[in-house]
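Notes follow once the structure below has been shown.
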Amino acid sequence: MTLDCPHVVGVQQSPTHTFSKQPCVQITLIEGIGVEGDAHAGATVKHRSRVARDPTQPNLRQVHLIHHELIDELNACGFDVAPGVMGENITTRGIDLLDLPRGARLKLGAEAVIEITGLRNPCKQLNDYRPGLMDAVLDRDEQDQLVRKAGVMAIVRTGGVVRPTDAIVTELLSTPFEKLGPV
């Protein structure tokens, strides 16, 4: 594989509810659960604010992905961020995650498949890491609508091991295009 095609740059996980996740040599995705060993893995919600509202709701945030192009943009503005520091499990390059429709599937490496459920809604913890970072991952489009740039969330459809340099293949479903909203 050449690194000109969409690929995984880094994989990260954390067994506790920390803001940043630690880089790994590989992560294992488990169907219907998420990243093995990650605090956010589970069939029902694990994000503390969502558990407080309704612990029985399905976990649409099993895997968090951020495109490395955002990290490049933020570093160019002086924020000094690296893969995993904003809490993502998978850092990608060469794929426009934010323009994918809801339900798009990504094959990661040899066998893992995830389904995009929506946009990550940035939280104030970003400013605890670097002041001003939350504003930097929010923008406005031509219609003055809020644009969330802090990555996408997904569920695991087929488990498997994911490693840096693994290829990413996008599969768009034949259903009508549904723009991503926050989950």
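Details
- Contacts under 6 angstrom Cβ, first residue in the stretch 118-134 being on the phi < 0 side of the Ramachandran plot, partner of a type in the set (Gly, Ala, Ser) and buried (at least 17 other Cβ atoms within 10 Å of the Cβ), 6 or more apart: Arg120/Ala150; Arg120/Gly151; Pro122/Ala150
- When Gly42, Gly10 are checked against the criterion of being in contact with a Pro (Cβ under 6 Å, 6 or more places away or on another chain), within 20 Å of Val161 (Cα to Cα) and at pLDDT 95 or above, Gly10 stands alone in meeting it.
- Residues being more than 17 Å from Val152 (Cβ to Cβ) and either basic (Lys, Arg) or assigned to a strand (DSSP E or B) (or both) - total across the stretch 25-45: 3
- Selection status of Leu60, modelled with pLDDT of 95 or more, in a helix (DSSP H, G or I), among the hydrophobic types (A, V, I, L, M, F, W, C) and more than 18 Å from Gln12 (Cα to Cα): no
- If the condition is being more than 27 Å from Gln22 (Cβ to Cβ) and either of a type outside the set (Lys, Arg) or within 16 Å of the chain's Cα centre (by Cα) (or both), then the stretch 124-168 contributes Asp139, Asp141, Glu142, Gln143, Asp144, Gln145, Leu146, Val147.
- Hits in the stretch 1-31 (condition: farther than 14 Å from Glu88 by Cβ, in contact with a Lys or Arg (Cβ under 8 Å, 6 or more places away or on another chain) and not acidic (Asp, Glu)): Leu3, Pro6, His7, His17, Val25, Gln26
- Test: residue in the stretch 63-84 that is assigned to a loop (DSSP other than H, G, I, E, B), among the charged types (D, E, K, R), touching a strand residue (DSSP E or B) at 6+ places or on another chain (Cβ under 6 Å) and in contact (Cβ under 8 Å) with a residue 12 or more places away in the chain: no
- Scan of the stretch 129-166 for residues that are in contact with a Pro (Cβ under 7 Å, 6 or more places away or on another chain) and of a type in the set (Gly, Ala, Ser), ordered by number: Ala150
- Among the residues of this structure, Gly94 counts as one that is surrounded by fewer than 20 Cβ atoms within 10 Å (Cβ to Cβ), modelled with pLDDT of 95 or more and in contact with a Cys (Cβ under 7 Å, 6 or more places away or on another chain).
The values are calculated or read from the model by the stated rules, or taken from the named source; none is laboratory data. Please read these numbers as outputs of a predicted model, since none were measured by experiment. Note that each Cβ is placed from the backbone with ideal geometry, even for glycine, and that neighbours are counted across all protein chains shown.
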